Amino acid sequence: MPSSVTHFEIYAEDPAKLAYFYRVLLGWQVEKAPGIDYWRIDTGAGESEGIGGGLLFRPIPGPRSWVHYLHVESLDHTVDRVVELGGALLRPKVAVPKTAWYAVVADPEGNIFAIWQADPLAMPAPEPEELG
């Protein structure tokens, strides 16, 4: 039986500040659990559609993470918002031919994730012809 992703965690030096980033960027509910340094993340997808997660103080050094792909309505708008909110664009918009566009970004703490916009017409730009 295959395993499925059922939960994710995001590590941070300042979890409360990073919770704000994800609330504003993606509209997630991110609330601190009573009595512990852990923030529960509700992506709003419901139990049958998506996964929930958590945000906590970084327990390990270095950028160790999975790359989660997040579906967005507008890739360009979301990239702009990531940068406005203190994140970074790591890999610019790329086409998955006839499927979608995606880009890889980082939040203000350097955690990497990808954003995905479905588009059955997505195609990479043609390569320029070499001049002889």
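Just so it is clear, none of the values below were taken in a lab; they were calculated from the coordinates. All values derive from a computational prediction rather than experimental measurement. We place every Cβ from the backbone using ideal geometry, glycine too, and count neighbours over all the protein chains shown.
A few remarks follow.
- Straight Cα distances below 12 angstrom link K98 to the aspartates and glutamates D119, with same-chain residues fewer than 8 positions distant left out.
- Peptides 122-129, 15-22 ranked from most to least packed give 15-22, 122-129, packing being the mean of other C-beta atoms within 10 angstrom over each peptide's residues.
- Relative to the 2.2 N^0.38 Å rule of thumb, region 80-132 has a C-alpha radius of gyration ratio of 1.42.
- Listed by chain and number, the aspartates and glutamates placed with their C-alpha closer than 14 angstrom to that of K17 are E31, D37, D107, E109; residues fewer than eight positions away on the same chain are left out.
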